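The structure appears right after this line, and notes come after that.
Read the figures in this text as sums done on the coordinates, not as results from a lab. Note that the structure is predicted; figures quoted are calculated from it, not measured. Cβ atoms come from the backbone with ideal geometry, glycine included; neighbour counts cover every protein chain shown.
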Amino acid sequence: MLSIRNLVVAPSRKVAPVLNGVSLDVNRGEKVAILAPSGSGKTTLFRAITGFVPVTSGSITVDGIPVQGLRGRKLREWRCHIAMVSQRHDLVDRLKVYQNVMAGALGRWSTFHALRFLLWPLQEELEEAEHALARVGIPKKLHARTSDLSGGEHQRVAIARALVQHPLVLLADEPVASLDPDLSGQILALLCSLAQENGFALLCSLHQPELAYKYFDRIIRIEDGKISPSGQRRNSEKVEVSA
Amino acid sequence: MISGLESMFSQLRNFFPPDLSPVYLKAALVPLFETLEIAAAATFLALIIGLLVSLYIGARLPGARLLYALLASVRALPDLTLAIFCVIILGLGTAAGVAALTIFYSAAMGKIFADLFASADPGPVEALRSTGAGRVVVTFFGLLPLRLNDLLTYGAYEFESVIRAATIIGAVGAGGLGTELIGSVNMADYRRVTTLVIMLVIVVAVVDRVAWLVRRYPKLLLVFANCGVAAVWVNRPEMLALRHSIERFRSMLPPKAPEHLGVVPGLVGETLLMAFGGTLLAIFLAMPLGLAAARNLSPAVISFPVRRFLEFLRAIPEVVWGLLLMGVAGLGPRIGIMALGLHSAGALGKLFAESLENVPPEPVMAMTSTGGTKIAVASFAHLPLAFAPMMVHSLFRLEWNMRAATVVGMISAGGIGQALFDAQQLFHYQEMAWFLIPTWAMIMVTDLINTRIRKYWKVSEVTVR
């Protein structure tokens, strides 16, 4: 599924590369957590996967298709396969919840279709949004104002948007950074069960090792721009609690 | 229809080529410098008066609230209307222009500065209070240093506004480019009008750059202060005429209602029509222009020329747009609507573009990563995110256009402004003074509604730039 080989990302020749030879495979339905301190390059890794940051060398492929050199329509088709959920603040406050959810379909809609939906949503589109919201546990919020959502609901809507996208890969960049421990657990459990049911590859960055060990199949670390050797399956490693 | 277009084009031809003969250019330098003098003197005086008044309000000395209300209501009178009064009282010439702009901008700056003091960080101020210091001491040792940078920034912004106003304040005989411009229009010397408009566009462009520099390095304002002192001295009013001035002022009091009171609602209606129509036209034009000018949405090949076009639109003041349009499209409120619409489209287009550029990046990233087309992403992310600031800018424009609508009235576009100007031309000074009342009321009501709507939208403050 998602396959990264010797990835190097260097913004310029003068500074050291942010990512320096990262290799990683994530399979269908597999849940992988990245434990990494801020500034270690995990966000750069995500941005490279979604094609926002150019790859200096190495390769990123999804189902054998490389991201390098994609532009315009091809790049949009690529992005369509990769869904993003991040910290917070990535929903558009002034839109209704169903509009934010169905934004996940923008990749397969024409411009005209997208504009028509903003002004005149069809019944089946609303039903699709409601179905996605039901899967994340908040079907009642279909017509709510996005700015009225709580922190947990906010993340659920972002996940619903990702579901509408029917992704092959879901990237979650610190999805629980602004939530309390209880909610964090719920959101991660939801992400992991959806990955299993829908069969997408889940790559999720976290700060808290205990959450990573509890929910994910595999844990990797990024150090000095590389995947550090400690990345192993959870049942073969002791649970460590770092300060 | 065809013949109408034909006459429009033959009218347009009268404006070209501009009169660029060395003799005229040399002659036009005089009003140009007058304009700069008016601006420098008025900014200097208004800064000092505004600062003193706002400090008084900031210190919460007795009568502070009343003073604040007074500032708000003086600010509600259009600067050109004030200029008419100053011309009558002080006589034709630059002194009247300086006086009018000083009054208007003292109130404007005083109010902004007072607002800045009111929203200052209470911590340090309370700490000073608890030392037992008096209110005046707290103001000078607490409020002033806390807010000095913001004061200079806003001062620089107002300086820009004063120069824009100074180019046109002369339209009612208060000196500078405005007086020269109206003179040329009245003499049907359209080629010279073109020359003056070009000069105006250049002055405004230069001021744009200078103001940008001053905002960046607010201390430059202190350098300009010297020019201000000199300009004030050069343009001091004739003191010998003081008695004459007082007499003139007395001749305006008490305000007397016009004989045919029935026409007043119609006049108010015309002014409102111009203000609302002009603002709507401006929003209608500024939407596509703003999208095209936003550097994060349009490629540079499009955004660069569109930005220059917007600069051109807003460099020409409403009154001048009105004068230019009059030559090709006749008289009446539609001239006012078009004039306000074109100038405001330039201002709103720029502000819309900035609002679109300043949207938070995270939701935009999220929308882009769904793989939507550019237009789809813009309408799902940029437009809804920029909606609130765009609304606020439009509301402020409406308030501005309430003033501008009375001002363009003076060039025969109708409404209250024209009635006021006609009364002045007929020396009916008491009636003229009466027309101030509906003008003032309209703008105060707009201001009030504006504040309400902003509260409803939960956008309390918006930076003017």
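Can you tell me, using C-alpha contacts under 8 Å and at least 6 residues apart, the relative contact order of region B:263-456 as a whole percent? Provide the component values of the computation, followed by the final result.
Numbers: 274 pairs, mean separation 54.0, N = 194.
For region B:263-456, the relative contact order is 28 percent.
Going by how many other Cβ atoms sit within 10 Å of their own, how do B:ARG209, B:ARG403 line up, fewest first? Before the final figure, lay out each step's value.
Details: B:ARG209 9, B:ARG403 23.
Lowest count first: B:ARG209, B:ARG403.
Quick check: net charge around A:LYS140, other residues with Cβ under 15 Å of its Cβ, Lys/Arg +1 and Asp/Glu -1?
Result for the local shell: +1.
Given a Förster distance of 51 angstrom, what is the FRET efficiency for B:PHE309 paired with B:ARG129, based on the Cβ-Cβ distance and rounded to 0.05? Mind dumping the intermediate values first?
Numbers: r = 53 Å, r/R0 = 1.03.
The formula returns an efficiency of 0.45 here.
Can you give the Rg to Rh ratio of the protein assembly as shown, both from alpha-carbon atoms, with Rh computed by the Kirkwood formula?
On the way: Rg = 31.4 Å, Rh = 29.4 Å.
A ratio of 1.07.
For A:VAL85, list long-range residues whose amide hydrogen, built 1.01 Å from N in the peptide plane, is under 5 Å from its own amide hydrogen.
Answer set, sorted by chain and number: A:LEU171, A:ALA172, A:ASP173.
Between their Cα atoms, which of A:LYS14/B:LYS374; A:LYS74/A:LYS141; A:LYS31/A:LYS226; A:LYS141/A:LYS214; B:LYS26/B:LYS350; B:LYS111/B:LYS256 are more than 23 Å away from each other? Working shown, then result.
On the way: A:LYS14/B:LYS374 33 Å; A:LYS74/A:LYS141 34 Å; A:LYS31/A:LYS226 20 Å; A:LYS141/A:LYS214 29 Å; B:LYS26/B:LYS350 34 Å; B:LYS111/B:LYS256 30 Å.
Those over the limit are A:LYS14/B:LYS374; A:LYS74/A:LYS141; A:LYS141/A:LYS214; B:LYS26/B:LYS350; B:LYS111/B:LYS256.
Taking GluC sites (Glu not before Pro) as candidate sites, keep only those in a DSSP loop with at most 12 other Cβ atoms within 10 Å, then name the longest stretch of chain A containing none of them.
Values: sites that count: A:GLU237, A:GLU240.
Formally, the longest exposed-site-free interval is A:1-236.
Per DSSP H run of n ≥ 4, the term is -39500 (n - 2.57); total these for chain A, divide by its residue number, and report the mean residue ellipticity at 222 nm rounded to 500 deg cm²/dmol. Write out the running numbers ahead of the final one.
Values: 8 runs with 84 residues, N = 243.
So the helix-based figure for chain A works out to -10500 deg cm²/dmol.
At a 10 angstrom cut-off on C-beta neighbours, averaged per residue, how do the peptides B:102-114, B:17-29, B:150-162 rank from highest to lowest?
Numbers: B:102-114: 24.2, B:17-29: 12.5, B:150-162: 21.5.
The densest-packed peptide leads the list: B:102-114, B:150-162, B:17-29.
Evaluate peptide A:77-89: per residue, the Cβ atoms of other protein chains within 10 Å of its Cβ; return the mean as an integer.
On the way: counts 1, 1, 5, 4, 1, 3, 4, 7, 1, 5, 1, 1, 5.
For this peptide, the per-residue mean of nearby foreign Cβ atoms is 3.
For region B:321-400, which trypsin sites (Lys or Arg not before Pro) pass both filters: DSSP loop (anything but H, G, I, E, B) and at most 12 other C-beta atoms within 10 Å?
Details: sites: B:ARG334, B:LYS350, B:LYS374, B:ARG397; in loops: none.
Here no trypsin sites (Lys or Arg not before Pro) fit, given the DSSP loop and packing criteria.
Obtain the nm distance between the two label points defined at A:GLU210 and B:ILE48 by a simple spin-label model: each point lies 7 Å from its Cα along the Cα-to-C-beta direction.
With each label point 7 Å from Cα toward Cβ, the separation is 6.8 nm.
Considering every residue in B:378-387, what mean count of other chain Cβ atoms within 10 Å of its Cβ is obtained? Don't skip to the end; give the middle numbers.
On the way: counts 2, 7, 11, 7, 1, 4, 9, 4, 1, 4.
Counting other chains' Cβ atoms within 10 Å and averaging over B:378-387 gives 5.
Summing +1 for each Lys or Arg and -1 for each Asp or Glu, what net charge is found among the other residues whose Cβ lies under 10 Å from the Cβ of B:ALA419? Numbers along the way, then the final one.
Numbers: positive: none; negative: B:GLU270, B:ASP422, B:GLU431.
Net local charge, B:ALA419 excluded: -3.
Between B:PHE249 and B:VAL30, 0.36 nm times their residue separation minus their Cα-Cα distance comes to what? Each step should come with its number before you reach the end.
Numbers: separation 219, 0.36 × 219 = 78.84 nm, distance 2.97 nm.
Computed gain between B:PHE249 and B:VAL30 is 75.9 nm.
On full extension of the chain, what length is gained from A:SER110 through A:GLN186, given 0.36 nm per residue of separation minus the C-alpha to C-alpha distance? Write out the running numbers ahead of the final one.
Numbers: separation 76, 0.36 × 76 = 27.36 nm, distance 3.50 nm.
Result: 23.9 nm gained on full extension.
Determine the shielding of peptide A:113-119 by partner chains: average, over its residues, the number of Cβ atoms on other chains within 10 angstrom of each Cβ.
Numbers: counts 2, 8, 4, 0, 3, 5, 1.
Partner Cβ neighbours, averaged per residue: 3.
Determine the relative contact order of chain A: mean sequence separation of Cα pairs under 8 Å and six or more apart, normalised by residue count, in whole percent. Each step should come with its number before you reach the end.
Numbers: 450 pairs, mean separation 70.4, N = 243.
For chain A, the relative contact order is 29 percent.
Is it possible to state the helix-based mean residue ellipticity at 222 nm for chain B, with each DSSP H run of 4+ residues giving -39500 (n - 2.57), the sum divided by total residues, to the nearest 500 deg cm²/dmol? What is it?
On the way: 21 runs with 359 residues, N = 465.
Value at 222 nm, helices only: -26000 deg cm²/dmol.
Under a crude label model (7 Å from the Cα following the beta-carbon direction), how far is B:LEU61 from B:MET287 in nanometres?
Once both label points are built, they end up 5.1 nm from each other.
If a/c stays under 1.5 just call it rounded; otherwise compare a/b with b/c (prolate if a/b is bigger, oblate if not). Do that for chain A, with a ≥ b ≥ c from the square roots of the Cα gyration tensor eigenvalues. Walk me through the numbers before you get to the answer.
Numbers: a/c = 1.96, a/b = 1.32, b/c = 1.48.
Oblate is the answer for chain A, as a/c is 1.5 or above yet b/c matches or exceeds a/b.
Amide H to amide H under 5 Å from A:GLU30: which residues, 5+ apart in sequence or cross-chain, H placed 1.01 Å off N in plane?
Under 5 Å from the amide H of A:GLU30 lie the amide H atoms of A:LEU202, each far enough along the sequence or on another chain.
Can you tell me the FRET efficiency between A:ALA177 and B:LEU12 if r is taken as the Cβ-Cβ distance and R0 is 60 Å, rounded to the nearest 0.05? Write out the running numbers ahead of the final one.
Details: r = 62 Å, r/R0 = 1.03.
According to the calculation, E is roughly 0.45.
Among the trypsin sites (Lys or Arg not before Pro) in region A:49-117, which ones are in a DSSP loop with at most 10 other Cβ atoms within 10 Å of the Cβ? Mind listing them? Before the final figure, lay out the partial values.
Values: sites: A:ARG71, A:ARG73, A:LYS74, A:ARG76, A:ARG79, A:ARG88, A:ARG94, A:LYS96, A:ARG108, A:ARG116; in loops: A:ARG71, A:ARG88, A:ARG94, A:ARG108.
Those that pass, being in a loop and sparsely packed, are A:ARG71.
So how do B:339-349, A:178-188 stack up, highest first, on mean other-Cβ count within 10 Å?
Working: B:339-349: 26.5, A:178-188: 16.6.
Ranked from most to least packed, the peptides come out as B:339-349, A:178-188.
Excluding same-chain residues fewer than 8 positions from A:LYS140, which lysines have a Cα within less than 19 Å of its Cα?
Counting by Cα, and skipping residues close in sequence, A:LYS140 has these lysines nearby: A:LYS96.
Given Cα pairs under 8 Å that are at least 6 residues apart, what percent is the relative contact order of region B:14-250? It would help to have the intermediate numbers written out before the result.
Details: 318 pairs, mean separation 80.0, N = 237.
After rounding, I find 34 percent.
Report the net charge of residues surrounding B:LYS26, where surrounding means a beta-carbon distance below 15 angstrom and charges are Lys +1, Arg +1, Asp -1, Glu -1. Walk me through the numbers before you get to the answer.
Details: positive: B:ARG192; negative: B:ASP19, B:GLU34, B:GLU180.
Every neighbour counted, the sum reads -2.
On full extension of the chain, what length is gained from B:GLN425 through B:ASN358, given 0.36 nm per residue of separation minus the C-alpha to C-alpha distance? Write out the running numbers ahead of the final one.
On the way: separation 67, 0.36 × 67 = 24.12 nm, distance 4.80 nm.
Additional length available on full extension: 19.3 nm.
For region B:333-430, which chymotrypsin sites (Phe, Trp or Tyr not before Pro) pass both filters: DSSP loop (anything but H, G, I, E, B) and at most 15 other C-beta atoms within 10 Å?
For chymotrypsin sites (Phe, Trp or Tyr not before Pro) across region B:333-430 that sit outside H, G, I, E and B with at most 15 neighbouring Cβ atoms in 10 Å, the list reads B:PHE427.
Of all the C-alpha pairs in region B:263-456, what % are more than 21 Å from each other?
Details: 10476 of 18721 pairs.
Of all Cα-Cα distances in region B:263-456, 56 percent exceed 21 Å.
What aspartates and glutamates sit close enough to A:LYS42 to cross-link, taking a C-alpha to C-alpha distance under 18 Å and skipping anything fewer than 8 places away on the same chain?
Reachable aspartates and glutamates: A:ASP25, A:ASP90, A:ASP173, A:GLU174, A:GLU223, A:ASP224, B:GLU362.
Estimate the FRET efficiency between B:ARG452 and B:ALA300 by the formula 1/(1 + (r/R0)^6), using the beta-carbon distance for r and 45 Å for R0, to the nearest 0.05. Don't skip to the end; give the middle numbers.
Values: r = 40 Å, r/R0 = 0.90.
FRET efficiency, B:ARG452 to B:ALA300: 0.65.
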